[in-house]
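Trainee: The structure that follows is given in the form of structure tokens.
Every read-out reported here was derived from the displayed coordinates using simple, explicitly stated rules and does not represent laboratory data. Nothing here was measured: the structure is a model prediction, and the numbers come from that model. Here the Cβ positions follow ideal geometry from the backbone for every residue, glycine too, while neighbour counts run over all protein chains shown.
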Amino acid sequence: MKNIVVLVSGGGTNLQALIDAQKRGELTGGKITCVISSNPNAYALTRAADNNIETAVIRRKDFAAFEDYDKALTALLQSKQADVVVLAGFMTILGKEVIRAFENRIINIHPALIPSFCGEGYYGLRVHEEALKKGVKVTGATAHFVNEICDGGPIIMQKAVEVQNGDTPEILQKRVMEQAEWKILPRSVALFCEDKIKVSGNKTEILE
């Protein structure tokens, strides 16, 4: 049984999707053992506590240098014996040390179909604002491994979502969450825990 450690910063809707999937018995091969927040007031911590999941807080501003924070986060994840690290709305940049220590073991969800609307600065509502500005007819979400290039790691799963007339960034964000993010993030984590993701270079193969 693999230990799933989830990193959060805010409300924790993607964390809730993982918790719900676990309750439905869909995270076979893994269990959410700890939720770590960059924000002591994140509602995600309440969600974790309500489900008897251990929590911890690590704030970037408590460390003078980024390298010290990077080392501390790596040590914290190792102390929790994390087999897979899931970024569920974690708003702090990950450093080289933690990425190297958990190579192809950090999963992120991005609210667009990578390589569209991704990279530095593309997060939250901005992704949906840019998609609407461009006039795309289809958007979606991507679950991918994290490497040192922002949104550049191997793609695990993608799911498309239609853009509709009259969409605002907020409406589109909600539809992408409900129809894509909350489905492919738990599924990707489950596939990892079942050893069904084979990584070759910057590509993955799902071994179903």
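Trainee: Less than 28 Å apart at the alpha-carbon level, and either on another chain or at least 8 residues along: which lysines does that give for Lys137?
Mentor: Lys159, Lys174, Lys183, Lys203
Trainee: Sticking with this one: Under the Karplus relation 6.51 cos²θ - 1.76 cosθ + 1.60, θ = phi - 60°, what is the ordered set of whole-Hz ³J(HN,Hα) values for region 76-81, x standing for Gly and Pro?
Mentor: With the stated coefficients, region 76-81 comes to 5, 5, 5, 5, 8, 6 Hz.
Trainee: What shape does region 14-145 have by the C-alpha gyration tensor, where a ≥ b ≥ c are the square roots of the eigenvalues, rounded means a/c under 1.5, and otherwise prolate means a/b greater than b/c and oblate the rest?
Mentor: Oblate, because a/c is 1.5 or more while a/b does not exceed b/c.
Trainee: Determine the dipole magnitude for region 1-95: charges of +1 sit on the beta-carbon of Lys and Arg, -1 on that of Asp and Glu, nothing else is charged, the reference point is the Cα centre, and the result goes in debye to the nearest 20. Provide the component values of the computation, followed by the final result.
Mentor: Numbers: 10 positive and 9 negative charges, 26 e Å.
For this selection, approximately 120 debye.
Trainee: Right, something else. Which of the aspartates and glutamates could be linked to Lys133 by a straight reach, that is with a Cα gap under 14 Å, when you skip same-chain ones fewer than 8 residues away?
Mentor: Reachable aspartates and glutamates: Asp167, Glu170.
Trainee: Which aspartates and glutamates, if any, have their Cα less than 16 Å from the Cα of Lys71, not counting same-chain residues under 8 positions apart?
Mentor: Output for Lys71: Asp62, Glu97, Glu103, Glu148.
Trainee: In whole Hz, what ³J(HN,Hα) sequence does region 196-207 give by Karplus (6.51, -1.76, 1.60; θ = phi - 60°), x for Gly and Pro?
Mentor: 10, 10, 9, 9, 10, x, 10, 10, 10, 10, 8, 8
Trainee: Tell me, which longest segment in the chain has none of the trypsin sites (Lys or Arg not before Pro) that fall in DSSP loops with at most 11 further Cβ atoms within 10 Å? Before the final figure, lay out each step's value.
Mentor: On the way: sites that count: Arg24, Lys137.
It runs 25-136.
Trainee: What number, rounded to the nearest 500 deg cm²/dmol, is the helix-based mean residue ellipticity at 222 nm of the chain, given -39500 (n - 2.57) per DSSP H run of at least four residues and division by all its residues?
Mentor: Helix-only estimate at 222 nm: -9500 deg cm²/dmol.
Trainee: Under the rule a/c < 1.5 gives rounded, and otherwise a/b versus b/c splits prolate from oblate, where does region 1-89 land using the Cα gyration tensor?
Mentor: oblate
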